[in-house]
Amino acid sequence: VVLFLVFLLFPAADARVAVSSLVGGQVFLLLSSWALRLGMPVPWQAASATANVVFSTYLDQSIMFATTASVLWHLRKEGLWPVWLGTLMALLALANSLLVLEGRSGYLVALSAIALAAMWAMPTKWRLPTLVATPVIALAALALGSAQVQERVTKIFAESQHFAQTQQVGEADSSGWRLNAWKRSIQAFSQKPLLGHGVGNWTPAVKQFEGANAVATFGEGNASNPHQEFLLWAVELGVVGLLLLLGVLGSLCRDALQFQAPASRALLAAVAATVIACMFNSSLYDDLMGDYLVVTLGLLLALGTRQKQSVATP
């Protein structure tokens, strides 16, 4: 999909329209989410959506909004939308991810967006300290000022500690479930480390190590996943597949470094968001945020490539 977007969006103008359309759709969802938060009726909200979410879940939407905030911010002076509008929508998107929704992965993506934006705003010698200090300071401020963030962060430590002590996954224990799934993934990977167990075989591969609790933990059938994209690829495709995934992400970063600063930073921020999301979810396997992340990466790569070609063409 990424390659098709780059090849099909040949003129720079087409890439600009495509990026604007993607962001416009996300702004529509963002404003709808804020309307829900304020108690306003939103007739197009899906019946299956969770609180303050329009079509999917707080997990998907928080990651999408945090990533869109980076795109809005870094491309705000590119003429795709007014500077004031890009700045305002970026701030609203970050606030929605951090203060309205409950997605802990979304918190991390939002913090990475803030840290990268702060880093690039600083002189070169201050960039590394800024990158390290900004998310720590922001998270501390959020934990002190937001009861929701404090509760969600505390829950991570409590669930992780419970699993470490008992090796048991509690009911509605998402952190403990992840830790157990990651442990089983490593065991399954060690069985077939080179080429893996095959596409679609993560669930049967890990169930053999779960024993009597396999169905209760991972469900009927083979549709479960480890909520960690890199482990999913490692188990199903082995070292070869994992290296291919890392190669794609590394290639995106390499290409981004050759673009003009706005497109470069927007793409690097989107890659960072993808990596963080994949650390705690099977994000590319997911047909909601996965579609969004892949399309966003493809459109930003197309935009940067066409802008670079336009500058090179006399």
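The values are calculated or read from the model by the stated rules, or taken from the named source; none is laboratory data. Everything numeric in this text was worked out from a predicted model, so none of it was measured. Because the Cβ atoms are built from the backbone with ideal geometry, glycine has one as well, and the counts that use them run over all protein chains shown. For accessibility, only protein heavy atoms count, side chains too; no ligands or nucleic acids. Shrake-Rupley method; radii C 1.70, N 1.55, O 1.52, S 1.80 Å.
Averaged per residue, what accessible surface does segment 1-44 expose to a 1.4 Å probe, in Å²?
That works out to 62 Å² per residue.
Output the 0 to 90 degree angle, nearest 10, between the alpha-carbon long axis of helix 261-280 and the longest principal axis computed from the alpha carbons of the chain.
Compared with the principal axis, the helix lies near 10 degrees.
Ordering 253, 278 by how much accessible area each has at a 1.4 Å probe, largest first, what is the list?
253, 278
Across the chain, how many lysine pairs separated by 8 or more positions, or lying on different chains, have Cα atoms within less than 29 Å? Working shown, then result.
Working: 77/125; 77/308; 125/308; 155/183; 155/207; 183/192; 183/207; 192/207.
The number of close lysine pairs in the chain is 8.
Between [x] 54, 45, 40; [y] 47, 46, 40; [z] 65, 46, 46, which entry matches Cα extents along the principal axes in Å as derived from the coordinates of this structure?
Recomputing Cα extents along the principal axes in Å here picks out [z].
Mind giving me the nanometre distance, one decimal, between the label points for residue 125 and residue 31, set 7 Å out from Cα along Cα→Cβ?
It works out to 4.6 nm between the two label points.
Name the residue, out of 277, 115, 214, whose mean-square fluctuation peaks in a Gaussian network model built on the chain with Cα pairs under 10 Å.
Greatest mean-square fluctuation among the candidates belongs to 214.
Given a 1.4 angstrom probe, what's the average accessible area per residue across segment 195-314, in square angstrom? Numbers along the way, then the final one.
On the way: 5030 Å² over 120 residues.
Here the residues of segment 195-314 average 42 Å² of exposed surface.
In the chain, what percent of the accessible surface is made up of carbon and sulfur (1.4 Å probe, ligands and nucleic acids excluded)?
69 percent
Helix-derived [θ] at 222 nm for the chain: sum -39500 (n - 2.57) over DSSP H runs of at least 4, divide by residue count, nearest 500?
When only DSSP H runs of four or more count, the value is -24000 deg cm²/dmol.
Hey, what do the phi angles of segment 132-149 turn into as Karplus ³J(HN,Hα) couplings, whole Hz, using 6.51/-1.76/1.60 and θ = phi - 60°, x for Gly and Pro?
Karplus-based 3J(HN,Hα) across segment 132-149 equals 7, 6, 4, x, 5, 5, 5, 5, 4, 5, 5, 5, 7, x, 10, 5, 5, 5 Hz.
Calculate how steeply helix 289-312 sits against the longest principal axis of the alpha-carbon atoms of the chain, using the helix alpha-carbon long axis, and give the answer as 0 to 90 degrees to the nearest 10.
The helix 289-312 is inclined about 30 degrees to the chain.
Note the direction-averaged projected area, equal to a quarter of the hull surface, for the Cα convex hull of segment 230-314, in nm².
5.6 nm²
List, in order, the whole-Hz ³J(HN,Hα) value for each residue of segment 119-126 obtained from phi through the Karplus relation with A = 6.51, B = -1.76, C = 1.60 and θ = phi - 60°; use x for Gly and Pro.
Whole-Hz 3J(HN,Hα) from phi for segment 119-126: 4, 6, 7, 9, x, 3, 5, 9.
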